[in-house]
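**Q** Would you mind keeping the following structure in view while I ask a few things?
The values are calculated or read from the model by the stated rules, or taken from the named source; none is laboratory data. All values derive from a computational prediction rather than experimental measurement. Cβ placement follows ideal geometry from the backbone for every residue including glycine, while neighbour counts extend to all protein chains displayed.
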Amino acid sequence: MNLVEKSAFSMLRRLGAVVFLGLLAAACAGDPPPPPASANVSFEARSAFQIPVAFVAVDSYFTPSGRAPYVEHLHKVSPESIARAWARARLVATGGPGTASLAILDGTVISEQLDKKGGLTGVFGDQLDTRLKARLKARLTVERPDAEGNPASWMAEVDATAERTILESASLNERDAAYAALMQSLAEKFDAALTAEVERSMRPVLR
């Protein structure tokens, strides 16, 4: 192989390496993004309240607007679904006269667009552009005869809230993950608040 042939062969090898690296980079760039975090919320690991009533009902007394700035209707998990999951897992009717009912009074999530900073920070910085605000207000009522057989009722009401902010550079998956974290935080606050209120105000009807 003469000098010209060696030079041409060397150039072909280099060209092949460049093409291979380009194809490899394109393949990596085409990899699908990781799946979004799941927003599923469960209370199955928590012990249930045993209530001596015939049944437990869950009723919603608010109507989602279905339009901006409200976004709970766009997701599988919402404050309302959290309240229903809580009632299924933590309220058990053991039988007897009377009823227990969980009334969902508010279960909204608002998406707020945040103001951007000006100057160099606004041009080059990665700013917060969205705030998610969730609210879950509910009232648990137990109606049954008291120890003397007279009609009586006990109530426990809580109003839980949670917030989460999102950067303007966040991907769709990262925004879904922020919503999932918001629902988890709201569920934990709701569970803690309602558990404490039930134990405080409904001790006479708990088993």
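**Q** Considering only residues of the stretch 66-80 that are out of contact with any helix residue (DSSP H, G or I) (no Cβ under 7 Å at 6 or more places or on another chain) and in contact (Cβ under 8 Å) with a residue 12 or more places away in the chain, which is surrounded by the most Cβ atoms within 10 Å (Cβ to Cβ)? Show your work before the answer.
**A** Here is the first cut: in the stretch 66-80, the residues out of contact with any helix residue (DSSP H, G or I) (no Cβ under 7 Å at 6 or more places or on another chain) are 67-71, 73-74, 76, 80.
Add one more test, that the residue is in contact (Cβ under 8 Å) with a residue 12 or more places away in the chain, and what stays is 68-71, 76, 80.
On the way: 68: 10, 69: 12, 70: 14, 71: 17, 76: 9, 80: 20.
In this case the residue turns out to be 80.
**Q** Quick check on my filter: what residues within the stretch 150-207 are among the aromatic types (Phe, Trp, Tyr) and in contact (Cβ under 8 Å) with a residue 60 or more places away in the chain?
**A** Residues satisfying the conditions are 179, 190.
**Q** Taking the stretch 43-54, which residues are exposed (fewer than 12 other Cβ atoms within 10 Å of the Cβ) and either small (Gly, Ala, Ser) or within 29 Å of residue 145 (Cα to Cα) (or both)?
**A** First, pick out the residues of the stretch 43-54 that are exposed (fewer than 12 other Cβ atoms within 10 Å of the Cβ): 44-45, 47.
Passing the criteria: 45, 47.
**Q** Given the residues 36, 32, which is the only one that is modelled with pLDDT under 80, under 30 Å from residue 182 (Cβ atoms) and more than 23 Å from the chain's Cα centre (by Cα)? Steps first, please.
**A** Working: 36 fails: more than 23 Å from the chain's Cα centre (by Cα).
Unique residue meeting the criteria: 32.
**Q** Let me ask something additional. Among the residues of the stretch 52-104, how many are at negative phi and part of a loop (DSSP other than H, G, I, E, B)?
**A** Selection size over the stretch 52-104: 18.
**Q** Next question, about the same structure. Which one is nearest to residue 139 (Cα to Cα), of the residues in the stretch 162-189 that are of a type outside the set (D, E, K, R) and over 12 Å from the mean Cα position of the chain (by Cα)? Explain how you work it out, then say what you get.
**A** Within the stretch 162-189, the subset of a type outside the set (D, E, K, R) is 162, 165-167, 169-173, 177-187.
Filter once more, keeping what is over 12 Å from the mean Cα position of the chain (by Cα): 165-167, 169-173.
Numbers: 165: 28, 166: 31, 167: 35, 169: 39, 170: 36, 171: 37, 172: 35, 173: 34 Å.
So the residue we want is 165.
**Q** Of all residues in the stretch 128-142, count the ones that are basic (Lys, Arg) and closer than 12 Å to residue 159 by Cβ.
**A** Looking only at that region, the number is 3.
**Q** Could you go through the stretch 110-131 and let me know if any residue there is buried (at least 19 other Cβ atoms within 10 Å of the Cβ) and either of a type in the set (A, V, I, L, M, F, W, C) or at pLDDT 95 or above (or both).
**A** So in the stretch 110-131, the residues buried (at least 19 other Cβ atoms within 10 Å of the Cβ) come out as none.
No, that holds for no residue.
**Q** Moving to a separate point now. Consider residue 52 carefully, then state whether it is touching a Lys or Arg at 6+ places or on another chain (Cβ under 8 Å) and under 27 Å from residue 177 (Cα atoms).
**A** Numbers: touching a Lys or Arg at 6+ places or on another chain (Cβ under 8 Å): yes; under 27 Å from residue 177 (Cα atoms): no.
No: the conditions fail for residue 52.
**Q** Then there is this: Of the residues 178, 193, 156, which single one is assigned to a strand (DSSP E or B), crowded, with 16+ Cβ neighbours inside 10 Å and among the small types (Gly, Ala, Ser)?
**A** Values: 178 fails: assigned to a strand (DSSP E or B); 193 fails: assigned to a strand (DSSP E or B).
Only one candidate qualifies: 156.
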